[in-house]
Amino acid sequence: MPMDNGRTYITILIDSLNKKIEILNRIKEINVSQKEVASSSEFDDEKWEKTLDEKAELIDKLQELNNGFESVYERVRSELTENSSKYKEEITRLKNLISKITDLSMDIQAEEKRNSELVTKCFTKMRAKLKATKDTNKVASSYMQTMAKMNYVEPQFMDKKK
């Protein structure tokens, strides 16, 4: 592989990793939004759905970048290993970017776990609230039926012959 092609492929790899970092940072921002939704007194399911949809799109883009990175890396792998001294600076940059991506991924996983716990608590509260509402409705309905029976006078037969 000519030297220029090797550098071109490495530049593509670096660009791909930088795009991944941008996407991961955006996912971190979405996680903050999800935390706010899950922590608020009123759960906004529309906002929650919006964040899930946006995150799904970003994850799809990450997958595309991963596939592209793997494809390009396969083309340049032998050049990088055989001539590592020639590409020392670029290899160091790639390693640093990959390290940053790994750190971001770990942060995101921790945020996801915390958000998951928050949402679970939120849904538990919502279920308890619904159960209390159902119980209140049952009690009110039972009370109304009981009161209706109290005001009900059985039909009585009156003898008018006298």
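Where a number appears in this text, it was derived from the coordinates with a stated rule and is not lab data. These figures come from a predicted structure and were not determined experimentally. In this analysis, Cβ positions are derived from the backbone assuming ideal geometry, glycine residues included, and neighbour counts consider all displayed protein chains.
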Original post:
If the cut-off is 18 Å between C-alpha atoms, which lysines fall inside it for K35, apart from same-chain ones fewer than 8 positions away?
Top reply: K47, K50, K55, K113, K121, K125
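What percent does the relative contact order of segment 3-118 come to when contacts are Cα pairs within less than 8 Å and at least six residues apart?
Values: 65 pairs, mean separation 59.4, N = 116.
Relative contact order for segment 3-118 comes out at 51 percent.
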Original post:
Assuming R0 = 41 Å, what is the FRET efficiency of E42 and N66, from their Cβ-Cβ distance, to the nearest 0.05?
Top reply: 0.65
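Sort T8, T102 so that the residue with the fewest other Cβ atoms within 10 Å of its own Cβ comes first and the one with the most comes last. Before the final figure, lay out each step's value.
Details: T8 14, T102 10.
Least to most surrounded, the residues fall as T102, T8.
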Subject >> Calculated Rg and Dmax of segment 3-118 using C-alpha coordinates, Å >> reply: 18.0, 60
Original post:
Among I98, I30, which comes first, second and so on when ranked by fewest other beta-carbon atoms within 10 Å?
Top reply: I98, I30
Original post:
Which distance in nm do the two modelled labels at K95 and A132 give, with both placed 7 Å along the Cα-to-Cβ direction?
Top reply: 5.8 nm
Subject >> Extension gain from I21 to S85, taking 0.36 nm per residue of separation minus the Cα-Cα distance >> reply: 20.4 nm
